[in-house]
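Peer 1: One structure coming up, written as structure tokens, with questions to follow.
The values are calculated or read from the model by the stated rules, or taken from the named source; none is laboratory data. Remember, it's a predicted structure, so these values are computed and weren't measured experimentally. Positions of Cβ are backbone-derived with ideal geometry, glycine not excepted, and every protein chain shown enters the neighbour counts. Just so you know, the surface numbers come from the protein's heavy atoms only, side chains and all, with ligands and any DNA or RNA stripped out. Shrake-Rupley method; radii C 1.70, N 1.55, O 1.52, S 1.80 Å.
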Amino acid sequence: MRMRRKPWARPELDACGFYIKDAPSLIGHWHEGFARKQPLHIELGCGKGGFIAVTAAENKDINYIAIDIKSEVLVLAKRNIEREFSFADTPIDNIKLFSFDIARIGMVFSEEDTAERIYINFPNPWPKECHKKRRLTHPRQLESYCAFLKDGGHVLFKTDDDELFGDSLEYFETAGFSVVSCIDDLYENGIPDGAAVTEHERMFYDAGLKIHFIEAVKDERGNATKATEE
Ligand SMILES: C[S@@+](CC[C@H](N)C(=O)[O-])C[C@H]1O[C@@H](n2cnc3c(N)ncnc32)[C@H](O)[C@@H]1O
């Protein structure tokens, strides 16, 4: 996603109460930073945040963390969140945002930061062989999520990319997840009314592309995979 430079993005984020400037300093303590102790869901590569803004405003009994590497898109996520919570007339007390490279996610979350669910929506497909390790569903990445995803926790993944979809099915298996749902054409019958969709999801759907979906559950092999590396 090419974005125009936004020199105002970082100052606007720094002034935002739900933006976390120094995410690694909160490792092991993320649950304490929310108004209520309740399940945690994390979106990796949230982009402009259209999905997480609607989802978090509608589900005040869940805490959310949204992460993206680019301040230029996170600042738009911040504005989307403010707008959705304002429409819903509810305080912004169940969502945090931060800018970070997910390849180094082990620096920000530990097993104390237990998450019930991870969303990975339309990540960069990285088609070249030499770049595949950068995929957010690469086994090396999935194994790093096992450190904070609870046993029985879910990863919900969507993509328009056929090759990434096929490869990711194998990646989940390799990393110790069980695939519980795999849908080739999620919106074969159209997008359901009121569904929270991401910016890329809407764009790809409108362009006539299939939206592929995988839901995978971390099973005991997820821990075993991690243990063999230690
Ligand atoms: C194709 S966009 C999809 C954005 C959004 N999920 C959607 O569906 O509209 C991929 C997003 O992932 C972010 N991203 C890619 N690699 C990342 C990484 N290693 N760490 C954090 N964010 C990353 C990009 O900055 C971009 O915003």
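Peer 1: Considering (1) touching a helix residue (DSSP H, G or I) at 6+ places or on another chain (Cβ under 7 Å); (2) aliphatic (A, V, I, L, M); (3) open to solvent by 10 Å² or more (accessible area, probe 1.4 Å), say which one residue 195 fails and leave the rest.
Peer 2: Every condition holds for residue 195 apart from (1).
Peer 1: Among (1) without any contact (Cβ under 8 Å) to a residue 24 or more places away in the chain; (2) over 30 Å from residue 25 (Cα atoms); (3) open to solvent by 30 Å² or more (accessible area, probe 1.4 Å), where does residue 190 come up short?
Peer 2: Here residue 190 meets the rest and fails (3).
Peer 1: Restricting the search to segment 107-124, which residues are open to solvent by 30 Å² or more (accessible area, probe 1.4 Å) and either within 15 Å of the chain's Cα centre (by Cα) or polar (S, T, N, Q) (or both)?
Peer 2: Of everything in segment 107-124, those that are open to solvent by 30 Å² or more (accessible area, probe 1.4 Å) and either within 15 Å of the chain's Cα centre (by Cα) or polar (S, T, N, Q) (or both) turn out to be 114, 116, 117, 124.
Peer 1: Taking the condition of being open to solvent by 10 Å² or more (accessible area, probe 1.4 Å), within 14 Å of the ligand (Cβ to nearest atom), in contact with a helix residue (DSSP H, G or I) (Cβ under 7 Å, 6 or more places away or on another chain) and not in a helix (DSSP H, G or I), how many residues in segment 70-101 meet it?
Peer 2: 2
Peer 1: Given the conditions (1) under 14 Å from the mean Cα position of the chain (by Cα); (2) farther than 15 Å from residue 219 by Cβ; (3) open to solvent by 50 Å² or more (accessible area, probe 1.4 Å), and given that residue 154 satisfies all but one, which numbered condition is not satisfied?
Peer 2: Of the numbered conditions (1) under 14 Å from the mean Cα position of the chain (by Cα); (2) farther than 15 Å from residue 219 by Cβ; (3) open to solvent by 50 Å² or more (accessible area, probe 1.4 Å), the odd one out for residue 154 is (2).
Peer 1: Hey, another quick one. May I ask you to list the residues in segment 9-45 that are in contact with a helix residue (DSSP H, G or I) (Cβ under 8 Å, 6 or more places away or on another chain) and either assigned to a loop (DSSP other than H, G, I, E, B) or acidic (Asp, Glu) (or both)?
Peer 2: Selection gives 12, 16, 18, 20, 21, 27, 28, 29, 30, 37, 43, 45.
Peer 1: Sticking with this one: In segment 172-187, how many are touching a residue at least 12 places away in the same chain (Cβ under 8 Å), open to solvent by 30 Å² or more (accessible area, probe 1.4 Å) and part of a helix (DSSP H, G or I)?
Peer 2: 1
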